[in-house]
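Report on the following structure.
The values are calculated or read from the model by the stated rules, or taken from the named source; none is laboratory data. All values derive from a computational prediction rather than experimental measurement. Methodologically, a virtual Cβ is constructed for each residue, glycine included, from the backbone with ideal geometry; neighbour enumeration extends over all protein chains shown.
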Protein chains: 2
Amino acid sequence: MNKLLTVIVDDHPIVIEGLKTLLKNEDNLEIVGSFSNAAQLLSYLSRNPVNLILLDVTLPDIGGMELCKMVKEKFPDTTILIISNHTERSIIMQTIQNGASGYLLKNSSLEELRQCITGAIKGTICYSKEVVEIISRPTKNQLRGAPQLTRREKQVLSLLAQGKTSQNIAQELFLSPLTVDTHRRNLIQKFEVKNVAEMIAAAHREQLL
Amino acid sequence: MNKLLTVIVDDHPIVIEGLKTLLKNEDNLEIVGSFSNAAQLLSYLSRNPVNLILLDVTLPDIGGMELCKMVKEKFPDTTILIISNHTERSIIMQTIQNGASGYLLKNSSLEELRQCITGAIKGTICYSKEVVEIISRPTKNQLRGAPQLTRREKQVLSLLAQGKTSQNIAQELFLSPLTVDTHRRNLIQKFEVKNVAEMIAAAHREQLL
DNA sequence: TGAAAAATACCTAAAAACCAGTAGAAAAAA
DNA sequence: TTTTTTCTACTGGTTTTTAGGTATTTTTCA
């Protein structure tokens with residue numbers, strides 16, 4: 001089997017050197033080039049065959065995200081592995097959407113790197129362990145999550161969103177206005193907001209209205 | 001060019017089969033999955049790249065509307081086409097507002113479907129013929145419409161939604177609290193609501209926040 | 001340039017919301 | 001059945017909003 005023709009794209013020379021060293025002894029892989037920006041890579045690709053690209057997402061000229069997309073359009077048979085420090089879920093998901101076959105953090109072990117490369121070449125998408133964690137843990141928006149509301153509180157919230165005053169609500173629910181007031185205060189505490197206006201906005205964001 | 005990776009989400013197996021059959025012979029599109037509820041779709045999306053989602057709005061678990069929004073937040077590059085039987089204007093408009101790239105009725109022709117898919121992928125929003133008719137005749141709701149707000153009013157509205165008091169806002173905008181008060185009152189009048197809480201809810205409905 | 005719209009600011013007073021507690025009864029969960 | 005949560009209601013006090021106005025200065029645009 002031919003060796004995998006591999007290039008590295010990263011604007012940190014140190015990272016390039018590190019990867020080169022790490023992969024020097026891999027016998028099914030040969031590093032044929034390394035570039036510090038997108039233009040260099042594209043120029044090289046148009047002249048030479050490449051099987052695998054190890055790509056950083058932060059580059060001086062084009063965002064790695066777009067670059068990934070461009071490369072995949074022109075050279076769909078080339079496998080792209082993202083090697084990055086970004087731990088934001090959205091960025092990771094986006095790169096995959098743009099055609100990358102995997103995502104590794106720069107502190108990944110050689111073992112993980114090797115595993116991801118072989119996986120990616122076979123066509124599967126491959127993440128390093130930490131990345132899997134990031135993907136599987138819901139976003140902080142979901143993490144903080146909508147507060148747990150009681151039945152009564154939901155009722156009161158909904159009536160507040162209709163512009164009703166405590167008195168109105170009390171009449172409607174056959175309660176003392178003071179009780180409604182308590183519910184209102186508990187709601188504001190649960191939502192961790194300053195007043196009803198902000199609470200309505202928050203409730204809307206959390207799809208509670 | 002790669003084939004468009006397409007998934008179908010509908011709780012009617014018959015619709016799924018129908019769409020599959022219709023699209024089987026499209027050579028620039030490949031159906032890689034079909035799901036009967038939102039949870040299945042989300043789980044698949046987190047693991048696999050998808051270019052196009054054909055989505056029904058009525059699903060057993062989450063409303064297609066919310067689902068649409070969620071998907072677009074997490075995977076903004078995925079194109080969503082709504083395929084539905086709902087002919088209510090508000091629903092159609094809402095899906096578009098939530099990030100869908102088009103809306104078709106289930107009785108649309110293959111020709112229309114094809115046209116909408118190519119259009120949507122290119123970034124334009126695409127409706128089938130009947131849907132265009134529905135949209136073009138405005139409803140009484142649309143007649144009342146969202147109020148016309150001035151620049152300052154929008155600012156104040158936004159800050160109110162953040163739970164700020166008139167004093168806070170005044171400081172932030174270098175105004176007299178009394179001025180902010182005036183803006184607030186004008187806003188409440190324009191929205192024809194009773195207080196700020198209801199206004200925030202209304203503003204959210206009209207997609208002004 | 002002149003009219004209309006928007007932004008600014010003020011007054012008064014009542015109504016409502018917000019804050020910080022407490023506490024008994026009812027319902028749900030352990 | 002005991003414990004916990006939820007629902008109920010209260011005291012007392014402060015801050016903010018709301019409702020009725022009026023009025024000057026900027027901006028905008030026709």
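Values computed for the structure shown
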item	result
Inter-residue pairs, beta-carbon under 8 Å, first in the same structural domain as B:L52 (by TED's automatic domain parsing) and in the range B:97-116, second acidic (D, E) and part of a loop (DSSP other than H, G, I, E, B), 6+ apart	B:R114/B:E26
Check on A:L175, in contact (Cβ under 8 Å) with a residue 24 or more places away in the chain and surrounded by 15 or more Cβ atoms within 10 Å (Cβ to Cβ)	no
Any chance A:E192 is away from DNA strand C (no atom under 12 Å from the Cβ), within 14 Å of chain B (Cβ to nearest Cβ) and among the charged types (D, E, K, R)	no
Residue check for B:I169: over 22 Å from A:E206 (Cα atoms), assigned to a helix (DSSP H, G or I) and more than 11 Å from DNA strand C (Cβ to nearest atom)	no
Close pairs (7 angstrom Cβ cut-off, 6 or more residues apart or separate chains): of a type in the set (F, W, Y) in the range A:28-46, not in a helix (DSSP H, G or I) anywhere	A:F35/A:V7; A:F35/A:V9; A:Y44/A:V7; A:Y44/A:G33; A:Y44/A:F35
